[in-house]
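First up is the structure itself, then whatever we jot down about it.
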Amino acid sequence: MTRERAALAAGSGIRKISAEAELSAEFYGARASTLCKLMAAGLPVPAGHALAVRAVREIATTGFPEDRPLSSLFSDGTLFSIRSSPVSRSWGGPETILNIGMNAEARARLAERVGAKQADALYCRFIRDYAVQVARLDVEDFEAASARLGNGGATPEMVDEFLDTYERQVEDAFPQDPEVQFREGLHSMILAWEGTSARILREARGAPPDAGLGLILQEMVLCRGPGSGGSGYVQYASPISGEDAAWGNFQPHAEGRPGRKPKENGRVLGNGSAASPFGTDGSDVLAATREHADVARRAFGEEMRLDFVLDDGSVWLLDAKPAERSARAAITIAARLVRDGLASREEALLSIDPLSLNEVMLSQVDPRAELDVFATGFAASPGAATGRIVFSAMAAQAMKSREEDCILLRVETSPEDIRGMHSASAILTEKGGMTSHAAVVARGLGVPCVTGAREISVDAKARTVTLPGGRVLNEGDTITVDGTGGRVVSGAPGLVEPELDGFFGEFMRWADEARTMGVRANADTLTEARVAMELGVDGIGLVRTEHMFFEPGRLTVMRELIFAESGAGRQAALNLLLPMQRGDFVELFRVMAGLPVCIRLLDPPLHEFLPRSRQAVQRLAEAMALPVSSLSARIEELSEFNPMLGLRGVRLGITVPEIYDMQARAIFEAAVIVAREAGVAVEPEIMVPLVSENREVEIVKSRVDAVAAAVRVETGFSFEYSLGVMVETPRAVLRAHDISRVAEFLSFGTNDLTQMTYGLSRDDAGRFMRDYVNLGVFREDPFQSLDAEGVGELLLLAIERGRRQRENLLLGLCGEHGGDPESVGFCHSAGFDYVSCSPYRTPVARLAAAQQALRDPDGARRRDGRAG
Ligand code: PEP
Ligand code: MG
């Protein structure tokens, strides 16, 4: 039993708040603990007592004990407040009750000190607050009386009116005994804490069912002296930028409810700002609080917001909590604390939520804006954008060419929409989930995206979208997509633009120094690769080569390849594609300047390249000089019942090997070109998708080796490459030891692996995923955050089997989970060499990897131990 627990068990559960008391948040709540710390730092805190969580629980269950030594607290006529002190601040708590002890006697005493008008006003306010908070009367009952209660004071008649109103409603006299007021106040706060809505609210914020509440009984500071007086809050860090600036709110002559005014009323003070939230010039408040804030900052190793009362120019602190901050401000504040020697880099890194980096890097909906949210869906790609609705890729391109921002709105997107997606400022789909086509592509492009907005109904033909309630929007109407919050908003509510100031770069450098696992980017285009390099990655972990074939000029050649009737026709199309692919890889290798680039051979089923609409079939028939009927027949022939489980990935590589041959040649020739011109070794990693059987890898490997040998001879240039497998099927996991005989690396495609493990279509899961998560069937969407218990087990199994076969097997993960902080943490601890995700998510992954390296240093040993 700790000393504190023993003292608590033996005592009354009431402790004086003092510099020596060191009350813990666990037993007395966070506020009690903070007040002790403030006093220990020598800061002025009004005298008070803390009622332990256990004591509050006892009162809630067995009622108020008669033997508690409470009466002594009220003996000298001092006024008190009762404040909540929950174990965690994030749970919220019942509202403070001020001025307990106010009665006719106290009113008379006060009148001598501050004048009758002020004393009467205080009494009136107390009667009203007590009536509303404790006796649970309607605030409207006091509306008429309150309207006459200005700042100037009150009259004895007004006091009578307040007392009458109270007594009429309650049918009892207003309690004059301070101890009765205290007990009743305490009860009302406990009831408020136990209430169903408060319970639901705090549980939604992560509180356990038995969340503990402590209470504080604290002397009032009446701030009625002749000098400056009032209450407020202040922090010396801008909540927007994190820079040193006074920010807060001050209400003259208010005794101690500093946080009551909405946050928007707080304005930055300084730089000659005319409208000071701290009074006409604010200098009194600033002079009085600045030093205290510095002391608190040092004592807590944190930028603090002080709740204070100013009485005749002297400051009393009522509370201190971590300063409010935006994501951007959080980084600046953390970096300033490190710079000032008040926190370590490790503490700074651990203090930032990795996902909040999205807010720093991308535009966001202005949090102050009033929003008309008409649909919600999956927050598939973060950031926010406003634009005019278009319903086709073509319309998006046309809008872009007029330099207008547009939002591409589709039931779902397909590879044919790629160019339109490039042109759109944001993407919204009625169907889909976290790994559907729109989501994956949008994340790659860094374009905000909401998928699975099922409340809307898109009619692409009529170019309208029907919103819940029947409202209809037309092409050209303006909406805003909030990809961070998964919301769709009508109109243009205003956006907050990203600002990557100096501290962001420095902070990310610290993260890179701390992390031990690599972070690569999934990048298919030159632009994506450039973004990835600018953000700072360790290489490319996945080039989805199929995206390179959707350029209009190439799509036709690809279709000619698919429909070629003879080997010669196929070769002719491949000869056209080869220089295009080679050019793609040359560009990528150049940008990546010797860093690893992992290229996946063609993966999707061929039908993804086929024309869909009648006009497109007609156009292709013309280009190929074929009758429409024979083209349609061929399309029919190629159609599969379940193409995602059909002729795709390595199966295509085995049955139509010329495609992989061409891709391998393009990769090697590009490697030679760039190695020659730049003088850096380019060692491509070639990845075989959708493997389920080792023989598949052997066959592909022998053909790729043959191409490599041919290119070495033709170019007279020696180069190295490695060949690995994309683990996406449960069978590849189970046979990882076989596969690793040939494969030099395994990269886990957890999008498909999740799909196949659950037997759950990644494109259709959006239909019920929200219900599943809300009902607690799934803890989280497994396409978003790695299912550690199931899919994660498979990863561990494959790692163990693969490494048993090949000690220095390189291990990566390239599914979308590579950008999810929890999943990144899993990968670090499992001993992965790297994770790979969309470029814009790589900073999130870098910070998550750094945090897990600090929490679990053994993760690095698990990885590095295998080689030595
Ligand atoms: C995967 O399946 O995890 C993957 C990265 O491949 P894709 O999303 O292209 O299927
Ligand atoms: Mg896949």
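For the chain, find the longest principal axis of its Cα atoms and tell me its angle to the long axis of helix 552-563, 0 to 90°, nearest 10.
50 degrees
Can you work out ³J(HN,Hα) from phi for every residue in the stretch 514-519, in order, using Karplus 6.51 cos²θ - 1.76 cosθ + 1.60 and θ = phi - 60°, giving whole Hz and x for Gly and Pro?
7, 7, 10, 9, x, 10
Averaged per residue, what accessible area in Å² does the stretch 768-868 show with a 1.4 Å probe, protein chains only?
On a per-residue basis, 39 Å².
Please report the net charge: other residues with Cβ closer than 15 Å to the Cβ of Ala211, K and R +1, D and E -1.
Residues near Ala211 contribute +3 overall.
State the volume of the convex hull built on the alpha-carbon positions of the stretch 81-231, expressed per residue in Å³ and rounded to an integer.
127 Å³
Rounded to the nearest 10 degrees, what's the angle between the helix 30-40 long axis and the longest principal axis of the chain, both from Cα atoms, 0 to 90?
That works out to roughly 70 degrees.
Based solely on its DSSP helices, what 222 nm [θ] is calculated for the chain when runs of n ≥ 4 H residues each add -39,500 (n - 2.57) and the sum is averaged over all residues, nearest 500 deg cm²/dmol?
Value at 222 nm, helices only, nearest 500: -13500 deg cm²/dmol.
Of Gln615, Ala633, Gln571, whose Cα points farthest to the positive end of the dipole of the stretch 557-639 (charges on the beta-carbon: +1 Lys, Arg; -1 Asp, Glu; origin at the Cα centre)?
Toward the positive end, the furthest listed residue is Gln615.
Under 5 Å between amide hydrogens, which residues at least 5 positions from Leu602 or on another chain qualify, with H placed 1.01 Å from N in the peptide plane?
Correct list: empty.
Dipole magnitude of the stretch 71-218 about its Cα centre, charges +1 at Lys/Arg Cβ and -1 at Asp/Glu Cβ only, in debye to the nearest 20?
Result for the stretch 71-218 is approximately 760 debye, rounded to the nearest 20.
Sort Trp193, Trp316 from largest to smallest accessible area, using a 1.4 Å probe on the heavy atoms of the protein chains.
So, going from the largest accessible area down, we get Trp316, Trp193.
Amide H of Thr464: which non-local residues (sequence gap of 5 or more, or other chain) have their own amide H closer than 5 Å, using H built in the peptide plane?
Asp459
Can you give me the relative contact order of the chain as a percent, contacts being Cα pairs under 8 Å and 6 or more apart?
9 percent
Which whole-Hz couplings ³J(HN,Hα) result when phi for each residue of the stretch 417-433 is put into the Karplus expression 6.51 cos²θ - 1.76 cosθ + 1.60, θ = phi - 60°, listed in order with x for Gly and Pro?
Computed from phi, the couplings for the stretch 417-433 are 7, 3, 5, x, 5, 4, 7, 7, 7, 7, 10, 9, 10, 6, 10, x, x Hz.
Across the chain, how many lysine pairs, 8 or more apart or on two chains, come within less than 18 Å at their alpha-carbon atoms?
5
In sequence order, what are the phi-derived ³J(HN,Hα) couplings for the stretch 479-493 according to the Karplus relation 6.51 cos²θ - 1.76 cosθ + 1.60 with θ = phi - 60°, rounded to whole Hz, with x for glycine and proline?
Along the stretch 479-493, the couplings run 9, 10, 9, 9, x, 7, x, x, 10, 10, 10, 7, x, 10, x Hz.
Ordering Met687, Met580 by how much accessible area each has at a 1.4 Å probe, largest first, what is the list?
Greatest to least solvent exposure: Met580, Met687.
Could you point to the residue in Phe142, Gly242, Cys837 farthest towards the positive end of the chain's charge dipole, with +1 and -1 charges on the Cβ of Lys/Arg and Asp/Glu respectively?
Going by the Cα projections, it comes out as Cys837.
Roughly how compact is the chain, stated as its Cα Rg over 2.2 N^0.38 Å to two decimals?
Cα-based Rg divided by the globular estimate yields 1.16.
Considering amide H positions built from the backbone, and no H for Pro or chain starts, which residues 5 or more places from Ile540, or on another chain, come under 5 Å of its amide H?
Under 5 Å from the amide H of Ile540: Ala521, Val597, Cys598.
The values are calculated or read from the model by the stated rules, or taken from the named source; none is laboratory data. It should be emphasised that the depicted structure is a prediction, and the values quoted were computed from it without experimental measurement. Backbone-built Cβ (ideal geometry, glycine too); neighbour counts: all protein chains shown. All accessible areas refer to the heavy atoms of the entire protein, side chains included, with ligands and DNA or RNA removed. Shrake-Rupley method; radii C 1.70, N 1.55, O 1.52, S 1.80 Å.
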